[in-house]
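Notes follow the structure.
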Amino acid sequence: MCVWCVRYNRGPFPGDLIRNYQNSPAGPALAFTPVVLEGWHANEKSQGRRMNDTPVSKNDELRYGPLGSTCVHICVDMQRLFAEPTEWQMPWLQRVLPTIARLVAAHPAQTLFTRFIPARRPGQGAGMWAHYYERWGSMTIEELGAPMIDLVPELAAFVPPARVFDKHVYSPWIGTNLNELLRGASIDTIVISGGETDVCVQATVMGAIDWGFRTILATDALCSSSDEAHDALMEFYQGRLGEQLETASAETILRNWR
């Protein structure tokens, strides 16, 4: 039996919830974890040139007004396995980390960190995930060591009051109760930061839009292992999703979030 756990620390969200995923096809795993992560472009060599240089709106105000107590900041997958020298390292994660830390520090009790939990061992997973973890066997828990799943130390220091939400696929909305958790706490607005811009951030953004949340992307608080994919997704976010997604710098978000 495999047990997947979604956990978070005590805070404004109602109650303490642990969800057990019974009879998962992924096989035995750590009691606090699940399966999966970015990789289709993880072998690309980023030049690390991105330095908070994504174009943002010249308007200093948010399109739909200021933020308040019904807003949560979801920081996506800022973990050691992406920050340290691994096959999934994001070269410019460290460059956006101070900006993300400022967002978290301003509202730690309204911050939710997601963690991507890889398979326990090579070849484990349902369907094509088994093939995926044959290719990325070096990024499984047995090969990496469980501590590599942790948040980077600069952000882990905010937990609690910030909370942690574990997921086993790119999207935090699949196979979890995240929507119910947020709605139960009267949350209607989500600020998103973290990585990767073109994988787990994208899945988080699309799910938030699908569930009808007001969604705001912190454009200078994102990172990826592919400059080209990051640029393409920023164009997509700011163009194709222009009516459903607000994009703004962290400074603008903080100035409008009292």
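If I filter region 95-109 down to residues being within 15 Å of Val159 (Cβ to Cβ) and more than 15 Å from the chain's Cα centre (by Cα), which single residue comes out as surrounded by the most Cβ atoms within 10 Å (Cβ to Cβ)?
Of everything passing the filter in region 95-109, His107 is surrounded by the most Cβ atoms within 10 Å (Cβ to Cβ).
Being more than 20 Å from Ala229 (Cα to Cα) and buried (at least 22 other Cβ atoms within 10 Å of the Cβ) is the filter here; which residues of region 196-212 pass it?
Ala208
Select from region 114-137 the residues that are within 21 Å of Val72 (Cβ to Cβ) and touching a Leu at 6+ places or on another chain (Cβ under 6 Å) and list them in ascending order.
Within region 114-137, Phe116 is the sole residue that qualifies.
Quick one: is Val205 under 18 Å from the mean Cα position of the chain (by Cα), assigned to a loop (DSSP other than H, G, I, E, B), at pLDDT 95 or above and of a type outside the set (S, T, N, Q)?
no
Tally time: how many residues in region 214-245 are surrounded by fewer than 22 Cβ atoms within 10 Å (Cβ to Cβ) and over 20 Å from Met78 (Cα atoms)?
13
Exactly one condition in (1) modelled with pLDDT under 95; (2) more than 27 Å from Trp88 (Cα to Cα); (3) in contact with a Ser or Thr (Cβ under 8 Å, 6 or more places away or on another chain) is not met by Phe213; state its number.
All conditions pass for Phe213, except number (1).
Against the condition farther than 15 Å from Glu84 by Cα and buried (at least 21 other Cβ atoms within 10 Å of the Cβ), how does His168 come out, does it pass?
yes
The values are calculated or read from the model by the stated rules, or taken from the named source; none is laboratory data. As the structure is a prediction and not an experimental result, all values here were calculated from the model. Cβ sites come from the backbone with ideal geometry, for glycine too, and all protein chains shown count toward neighbours.
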